[in-house]
Amino acid sequence: MTIQKQFGFWIAALVVFVLFLWLFSSILLPFVAGLALAYLLDPVATRLQRLGLGRLGATLLILSLFVIVFVLVLILAVPLAVRELNAFLQMLPSYVGQLQRLAYEHGGPLLELVGGAEAGRDVESSIRDMAGNASGYLLTLLGSILAGGQTLLSVMSLLVVTPVIAFYLLIDWHKMVARVDSWLPLRHRDTIRKLVREIDTALAGFVRGQAALCLILGAFYAIGLSLIGLNFGALIGLTAGLLSIIPYVGSSAGLLLSAGVAIVQFWPEYFWIVMTLVIFFSGQFVEGNVLQPKLLGASVGVHPVWLMFALFAFGSLFGFLGLLMAVPLAAAVGVLMRFGLRRYLASSYYRADGEPVAKAAEPRHE
């Protein structure tokens with residue numbers, strides 16, 4: 001098969017894949033979630049098999065524990081988080097107003113020097129109005145999401161259908177992998193296997209390691225902020241941990257939110273404000289020097305910019321389904337792009353005057 005035909009085949013396959021997602025995006029969520037769950041839990045099931053437990057028993061044990069933990073979190077943690085979020089959004093205009101008042105009191109002379117006495121009051125009023133509109137919009141959005149019938153149907157399908165799909169996939173995981181492997185074209189089988197192993201390394205190293213890192217950081221921030229008595233400390237800490245899937249985004253957002261709340265709540269007691277900052281800087285130190293080397297190691301990661309683009313793009317196109325697919329697709333595309341770049345650098349298109357790449361790259365000795 002010529003290069004043109006191969007390129008045409010993969011372009012056609014990509015078009016069919018996107019069309020399939022577009023047509024069935026409304027029903028694919030539990031299937032994609034079940035596939036992701038089976039992929040994440042397969043190493044645990046394999047390890048239990050090596051310890052002497054059958055595949056069926058290992059699958060039943062793992063999924064039963066997962067469902068129990070998930071239901072407990074759903075019953076105990078989600079209502080509390082929703083109430084905390086609702087209260088925080090209602091208090092947001094007040095917090096912003098108090099921050100503006102403190103800023104105006106201590107920076108008023110500078111504002112008056114730059115733009116006159118009316119400038120500070122205009123800025124304060126504008127920011128307070130923007131905060132009120134933003135919090136109102138978020139409250140309306142949250143209410144519509146929770147009250148939507150489609151959302152309720154999706155949640156029920158996730159609770160009921162996803163464990164069933166994960167159960168069947170987890171039982172036959174190795175059989176399915178072997179079957180798909182037997183379908184690979186013999187001429188390109190070694191190359192495809194190598195690419196799949198690289199994708200699996202990138203995906204497993206990022207998702208499993210980053211998920212553990214997010215949980216640890218979220219618990220650390222939530223417990224630390226709650227211990228110093230910060231209002232909405234648990235909510236801010238868990239949100240920072242969740243957003244830490246994108247490096248620096250979670251810690252930055254959590255730092256700004258907690259610092260703002262701490263200034264309003266503790267001013268002028270500088271000690272507790274400094275303690276809030278110490279918690280986040282300590283979390284960053286532990287993340288960079290302990291957690292990332294231990295959990296992520298030398299696995300091929302996903303660049304933060306590429307990850308953010310994938311999350312926004314697939315989330316915009318396919319909603320929550322797109323968010324679930326963004327990370328694995330970003331990892332896969334990254335591996336394929338690196339493979340394509342390697343092939344390009346080794347091809348005649350890159351060579352100068354027909355010289356081999358290695359020879360052309362050698363420095364000249366005068």
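Observations on the model:
- The simple Förster model, with R0 at 30 Å and r as the Cβ-Cβ distance, assigns Ser347 and Val177 a FRET efficiency of 0.45.
- Å² of accessible area per residue within segment 202-326, as computed with a 1.4 Å probe and no ligands counted: 50
- A crude spin-label estimate for the pair Leu60 and Phe9, with each label 7 Å from Cα along the Cβ direction, gives 4.4 nm.
- Exposure ranking of Tyr168, Tyr221 by accessible area [1.4 Å probe, largest first]: Tyr168, Tyr221
- The heavy atoms of Met325 offer some 20 square angstrom of accessible surface to a 1.4 angstrom probe.
- Between Met91 and Ala103, full extension at 0.36 nm per residue minus the direct alpha carbon distance yields a gain of 2.5 nm.
- Rounded accessible area of Glu287 (nearest 10 Å², 1.4 Å probe): 10
- For segment 49-56, backbone phi angles converted through the Karplus equation (6.51, -1.76, 1.60; θ = phi - 60°) give residue-by-residue couplings of 4, 5, 7, x, 8, x, 4, 5 Hz, Gly and Pro being listed as x.
- Under 20 Å from a label point set 7 Å out along the Cα-to-Cβ vector of Ser316, the amide N atoms of segment 222-247 belong to 246.
- Note on Ile68/Leu23: beta-carbon distance plugged into 1/(1 + (r/R0)^6) with R0 of 35 Å gives a FRET efficiency of 0.50.
- Largest to smallest in accessible area, the residues Tyr270, Tyr39, Tyr344 fall in the order Tyr270, Tyr344, Tyr39 (1.4 Å probe, all protein chains included).
- Inter-label distance, nm, simple model (7 Å from Cα along the C-beta direction), Arg83/Trp267: 3.0
- Part-to-part distance (alpha-carbon centres) for segment 68-82 and segment 153-229, which is given in Å: 22
The values are calculated or read from the model by the stated rules, or taken from the named source; none is laboratory data. All values reported here derive from a predicted model rather than from experimental measurement. Methodologically, a virtual Cβ is constructed for each residue, glycine included, from the backbone with ideal geometry; neighbour enumeration extends over all protein chains shown. Remember, those area values only see protein heavy atoms, side chains included, never the ligands or the DNA or RNA. Shrake-Rupley method; radii C 1.70, N 1.55, O 1.52, S 1.80 Å.
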